[in-house]
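A quick write-up on the structure given underneath.
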Amino acid sequence: MARPEVVLRLVQTEDEVSAAASLAGEFAEWARGRIFAEYGIDLELEDEQGLLSDLEGLRVSRARLYLAEIAGAPVGVGGLKPLGADDAEIKRMYVRPSARGLGAGAAILRRLIDDAHTLGYRRIHLDTGRFMLEAQSLYRRFGFVPSSPQTGWEFESVPAMHETAVFMSLDLG
């Protein structure tokens, strides 16, 4: 059986922002549950306005936000956030469990790396959960290696979160 085609859409319209917010919200709820179950840390979720504001920050110059779709249905999201002139960060990378293994995550990541090259970044950083073994495997496949937390990590002020995170980076040369 042929693998379904993954189509990437640069988020531009309000409907696309809404779909990205829905996926990012699913991810936040899923990750919050896993972090609580595995580490006993109860994180506060962003409210809808905070989530939308964060996603809007991925639509500025030198940033990117993509939706991955299969058969016209949004199944994944991922963004590239500027951290400075030379550094960017992968943000909000998530693929619905029902679409995992179909290439959506790899398609998003490949596009974000290509965009980072085009936009002149020298390094890409990311953080992921220790329990997100499939995501870590995907990142390693694309050349990401373990690193220290990027400056300004959103959970830097929550010491307990340091034990839940894995930090990785990719040198673009």
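Take the alpha carbon atoms of region 52-106, find their center, do the same for region 107-173, and report the distance between the two centers in whole angstrom. So the separation of the two Cα centres works out to 13 Å. Long hydrophobic helices in the chain, taken as whole DSSP H segments with a C-alpha length of 15 Å or more on their own axis and mean Kyte-Doolittle hydropathy at least 0.5, are absent. A simple charge model with +1 on the Cβ of Lys and Arg, -1 on the Cβ of Asp and Glu and nothing else charged puts the dipole of the chain at about 840 debye relative to its Cα centre. Net charge of the neighbourhood of Arg130, taken over other residues with C-beta under 13 Å away and scored Lys/Arg +1, Asp/Glu -1, is -3.
Once you list every other residue whose beta carbon is under 14 Å from the beta carbon of Pro4, what net charge do they have if Lys and Arg are +1 and Asp and Glu are -1? Spell out each step's value before the answer.
On the way: positive: Arg3, Arg96, Arg100; negative: Glu5, Glu69.
Summing Lys and Arg as +1 and Asp and Glu as -1 gives +1.
Contact order for region 6-171, expressed relative to its length and based on alpha carbon pairs under 8 Å spaced 6+ residues apart, stands at 20 percent.
Taking all pairs of distinct Cα atoms, average 1/r, flip it, and tell me the Kirkwood hydrodynamic radius of the chain in Å to one decimal place.
On the way: mean 1/r = 0.0610 Å⁻¹.
Kirkwood radius, the chain: 16.4 Å.
With only Lys, Arg, Asp and Glu charged, each at its Cβ (+1 for the first two, -1 for the last two), find how big the charge dipole of region 73-173 is about the Cα centre; round to the nearest 20 debye.
Values: 12 positive and 11 negative charges, 86 e Å.
Using only the charged Cβ atoms, the result is roughly 420 debye.
Within the shell defined by Cβ-Cβ distances under 12 Å, the residues around Gly76 carry a net charge of +3, with Lys and Arg each +1 and Asp and Glu each -1. Summarising the label geometry, the points placed 7 Å from Cα in the beta-carbon direction at Arg59 and Glu154 lie 1.7 nm from one another.
Amide H to amide H distances under 5 Å link Leu172 with Arg123, Ile124, where only residues 5 or more positions off or on other chains count and H is placed in the peptide plane. Placing unit charges on the Cβ atoms of the charged side chains and taking the dipole of region 6-171 about its Cα centre, the candidate lying farthest along the positive direction among Leu10, Thr128, Gly101 is Gly101.
Throughout, read-outs are computed from the coordinates displayed, never taken from laboratory work. Treat the numbers as computed from the prediction; the structure is a model and nothing was measured. A quick note on method: Cβ atoms are made from the backbone with ideal geometry, for glycine too, and the neighbour counts reach across all protein chains shown.
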